[in-house]
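Before any comments, here is the structure.
Taken together, the values in this text are just the output of simple stated rules run on the coordinates, not laboratory data. For clarity, every value in this text was computed on a predicted model and none was experimentally measured. Neighbour counts are summed over all protein chains in view; Cβ atoms, including those assigned to glycine, are modelled from backbone coordinates with ideal geometry.
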Amino acid sequence: MALLICIVIVVGVMAFMLKRDAERRAALAAEMARIEADARTQPGCAPDRPFEVEASSVIEVHARGVPCPICGESLRLDQHTAETIRGERMRLVLVTCAACASSRTLYYRIQAKPS
Ligand SMILES: [Zn+2]
């Protein structure tokens, strides 16, 4: 009888711990989704909110200075490309955070200098 009670207690504790772990994982996933969605609203993180620069030569220097919107650490530049998005020529810089490994695209529009 004592063995049966012990088994019931162990199974009950394990079920409680598994449920609590699942709840924590779901809460963490929801928080990460919220942070990532908020990060996409930051300047340069979407084609409709690009960084404005005067020359392509400053893009990579600028991108290296942008902090990770998730953790604030520095970003590693992975790739620099040019694409036409909604009829507008843009520069895209793919970056990865050195600390949290989140990756994203930074968008740049090259503004012509006023003459
Ligand atoms: Zn980060």
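Things worth noting here:
- Among the residues making up the range 54-82, none is away from the ligand (no atom under 14 Å from the Cβ) and farther than 27 Å from Ala112 by Cα.
- Top-ranked residue of the range 87-112 - restricted to ones that are within 16 Å of Cys45 (Cβ to Cβ) and of a type in the set (Lys, Arg), ranked as farthest from the ligand (Cβ to nearest atom): Arg109
- Filtering the range 25-69 to residues that are charged (D, E, K, R) and surrounded by 10 or more Cβ atoms within 10 Å (Cβ to Cβ) leaves Arg25, Glu31, Arg34, Glu36, Asp38, Arg40, Arg49, Glu52, Glu54, Glu60, Arg64.
- Listed by first and then second residue, the pairs linking a residue in the range 92-115 that is among the aromatic types (Phe, Trp, Tyr) to a residue that is within 16 Å of the ligand (Cβ to nearest atom), with Cβ atoms under 6 Å apart and 6 or more places separating them unless they lie on different chains, are Tyr107/Gly44.
- So Pro43, is it within 21 Å of Tyr108 (Cβ to Cβ), within 14 Å of the ligand (Cβ to nearest atom) and of a type outside the set (A, V, I, L, M): no
- Check on Arg104, in contact with a Phe, Trp or Tyr (Cβ under 6 Å, 6 or more places away or on another chain) and surrounded by 12 or more Cβ atoms within 10 Å (Cβ to Cβ): no
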